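The values are calculated or read from the model by the stated rules, or taken from the named source; none is laboratory data. Please read all numbers here as calculations on a predicted model, not as lab measurements. Cβ sites come from the backbone with ideal geometry, for glycine too, and all protein chains shown count toward neighbours. Remember, those area values only see protein heavy atoms, side chains included, never the ligands or the DNA or RNA. Shrake-Rupley method; radii C 1.70, N 1.55, O 1.52, S 1.80 Å.
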Amino acid sequence: MQKLLFVASLLILLPLAAFAQDKPKVEVFGGYSYLRTDDDFALDNLDLHGWNASVTGNLNKWFGIKGDFSGHYNDYQISPGVRADISGHLFLAGPQFAYRKNDVWQPFVHVLVGAARQQARHRRGV
């Protein structure tokens with residue numbers, strides 16, 4: 001229910017940022033994210049589902065500061081009767097440069113650095 005309320009809020013609030021203007025002061029993004037692990041050492045690859053959100057504060061027409069955050073989640077059966085809840089989060093930030101001279105498309109480049117946090121908690125039961 002909370003996810004549905006969050007998505008509905010985004011859909012209602014995001015068009016407010018679309019008013020015709022030279023440059024928006026703040027750009028907000030939110031969406032679904034899918035991550036597939038590809039580990040040669042693991043017995044199984046994992047499919048992780050999650051979210052991604054970013055906020056960019058534009059300081060002038062071509063330069064802004066961006067924060068990007070994401071989380072991915074799933075569970076995995078380690079052995080019969082033992083499962084692990086797996087989660088991973090990314091916290092990124094950095095400068096963003098945008099080319100805003102075209103009304104049809106506005107390409108951008110950003111350089112993001114940050115940290116990742118991964119966690120696996122085991123639990124009993126199937």
Cut-off 16 Å (backbone N to label point 7 Å along Cα→Cβ of N74), residues of region 83-105: 83-89
Solvent exposure, largest accessible area first (probe 1.4 Å, DNA, RNA and ligands not counted), of W62, W51: W62, W51
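With all protein chains present and a 1.4 Å probe, how do H49, H89, H122 order by accessible area, largest first?
On the way: H49 85, H89 40, H122 140 Å².
Solvent-accessible surface, decreasing: H122, H49, H89.
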